[in-house]
Amino acid sequence: MRDLILNRFSCKFQESFCPASIDVPVFDGVHMLSGLAVSGPDKRIEAFDFTFSKGALRETEILDSTTSPPGRYVLEVARRIATAAPSAQLIAVANPLLPLGSRQLIDWLKTGLTGPAVISGHDNFPLCYVLPRRCVDELARFLTVLSTADADIDARLLAGILGEDVIQTKFPGLSIAPYPVSTSTGWFQGTERQKVLKILATHATHLVETNPAWRTLPFAVYHPYHAGSIVFFSVASRFVSTPLFQRHIVCSSYQDIVAAAGGTLVPEWLDQPWLPRDNSIGEPQYFAKALERLGPATTDNMFISFMRYSRISGFGPFHMVDQDRFSLGESITAPDQTWALQQRRTLKICQQPPAPLKVLFHINGGVPIKSYPDKQAKIVFQALRSFGVEISVIGRSDLASVGARPVTADKTDLLLQAVQDHHIFVGLDSFPHHFVRNVLGWPTIGLFGATTAANFGGGWDAHYRSLDAAMPCHPCNGDHQCPVFKRQECANYVPAEQVVAAVLAMASTVYGFRA
């Protein structure tokens with residue numbers, strides 16, 4: 001599939017005859033999500049400018065999702081415009097990878113909008129898509145596999161799904177510089193990820209052109225790892241009213257997690273180890289191997305949308321469950337629709353008597369920067385034991401000397417059993433925390449260092465509390481060491497006394513425990 005080469009296709013090309021002066025983008029404020037509605041016989045134009053929301057989800061804001069491919073934002077902008085302009089026959093959408101406003105689109109498109117088109121610079125980078133309304137009403141999911149990086153591929157894909165000519169307009173005086181490694185709006189490794197998007201858009205075009213039953217083929221999400229991400233994606237799939245996708249490409253080593261999390265997508269098992277966290281293998285290289293491992297028998301019978309992180313996960317304010325819900329097709333348009341403010345469907349508590357209180361800890365994040373400091377942990381254990389609390393800790397037999405009973409929970413069923421034997425779970429931003437809170441609904445305290453509870457926490461209710469020191473450097477999303485002090489431990493983890501106080505307060509609220 002990686003070696004597919006597109007031949008010249010029957011899309012119509014034309015050079016722009018607009019004055020050269022409008023080849024320079026007009027920055028009327030910084031917008032990343034803009035478009036136009038074209039309605040009526042007089043081709044009346046309405047302009048729309050949206051931005052990535054920072055939390056309020058106002059009418060002109062769209063949820064910030066790091067797992068959504070750019071094509072998902074093409075669809076969302078088109079959806080919003082179609083709703084606001086119900087009589088629109090054509091909808092123009094700016095490439096969401098570029099800071100383009102509606103004023104610029106009007107300048108570029110004033111030569112006339114007569115049908116579907118892809119506007120690009122002379123380097124073939126798409127600037128704008130002109131879509132007939134049925135792209136939103138009938139063909140919405142196909143927009144998620146647009147490359148947003150190659151106008152030729154995207155024009156051919158649109159021509160295939162629409163069954164009509166797609167005009168390609170090129171501005172010879174305008175080119176887009178190579179995409180930076182990272183941007184101020186959170187995109188990272190743009191050029192490498194754009195190669196992946198091109199491959200999948202080419203693959204989609206191949207299916208449309210060679211498979212007579214292409215309209216009935218399922219759409220699959222490529223999001224195969226890691227364990228915590230699989231939990232979020234599975235939970236999110238249960239809260240999407242009109243999903244765009246039916247299958248989930250996921251590492252086969254996570255079968256127990258997928259089964260326990262109860263997602264609605266049909267798993268397409270990838271018999272390949274998950275991506276190492278030491279950066280020894282790059283994401284695009286892993287993706288190429290994944291396609292080979294899946295093989296044509298699988299890939300030739302589904303459309304695939306790339307939904308690994310394309311933006312920094314901690315850049316925006318929204319929980320990963322909401323980010324994944326958006327990726328899967330849900331338009332979250334108001335704060336009360338977000339995961340953090342939703343009443344939990346699953347809330348359970350330990351059925352054992354509240355005394356002795358039993359607390360299960362998970363404090364090892366794999367590397368020191370992601371682990372709760374041992375010195376503070378020992379103080380926590382000793383203090384809680386002085387109140388008669390029984391302490392267990394996952395995977396840390398070396399802490400038995402301070403009264404922490406070691407527990408093995410390297411499988412989902414073992415973790416479930418361990419949790420049910422304890423009143424409260426205390427964990428890090430990692431799989432056990434995400435599973436216990438979001439799937440089991442158990443009373444949980446989250447310890448956050450380099451990452452933020454807004455993205456990875458458990459919402460707001462008596463069964464959950466997140467703790468961090470609220471340092472100004474938070475969240476840094478550091479992987480290996482503190483980027484400020486260059487040390488291995490994260491200073492943003494709260495001191496021991498705050499953990500002890502949180503445990504005792506939750507025990508009192510949920511179980512009536514008195515120390």
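A short reminder: the numbers here are calculations on the coordinates, not readings from a lab. The structure displayed is predicted, hence computed values, not measured ones. Ideal geometry is used to build each Cβ from the backbone, glycine not excepted, and the neighbour counts take in all protein chains shown.
A few notes on this one:
- Ellipticity at 222 nm from helices only: DSSP H runs of n ≥ 4 in the chain, each -39500 (n - 2.57), divided by the residue count, give -8500 deg cm²/dmol.
- The alpha carbon convex hull volume per residue for region 12-341 rounds to 128 Å³.
- Cβ-based charge dipole, the chain, positive-most Cα from 483, 394, 266: 394
- Above-threshold pairs, the threshold being 22 Å between Cα atoms, out of 198/289; 54/195; 54/348; 170/198; 375/486; 348/411: 54/195; 54/348
- Cβ-based exposure ranking for 191, 205, in which fewest neighbours within 10 Å come first: 191, 205
- Dipole magnitude of the chain about its Cα centre (Cβ charges: Lys, Arg +1; Asp, Glu -1), debye to nearest 20: 800 debye
- Short-range pairs are left out: with C-alpha atoms under 8 Å and at least six residues apart, the relative contact order of region 386-472 is 18 percent.
- When the Cα positions of 242, 294, 257 are compared along the charge dipole of region 194-321, 242 comes out farthest toward the positive end, with charges on each C-beta of Lys, Arg, Asp and Glu.
- Neighbour counts of C-beta atoms inside 10 Å place 473, 490, 350, 135 in the sequence 473, 350, 135, 490, starting with the fewest.
- Among beta bridges that DSSP assigns inside region 358-511, antiparallel share in %, nearest 5: 5 percent
- The chain - percent relative contact order, Cα under 8 Å, separation 6 or more: 13 percent
- Positive-end ranking of 93, 151, 331 along the dipole of the chain, with charges on Cβ about the Cα centre, is headed by 331.
- Near residue 127, the amide H atoms lying under 5 Å from its own belong to 119, 120, 121; only residues 5 or more places off or on other chains count, and H is placed 1.01 Å from N.
- Bridge type composition, the chain - antiparallel percent by DSSP, nearest 5: 35 percent
- Cβ-based exposure ranking for 281, 394, in which fewest neighbours within 10 Å come first: 281, 394
- Theoretical gain in end-to-end length, residue 106 to residue 58 [0.36 nm per residue, Cα-Cα removed]: 14.9 nm
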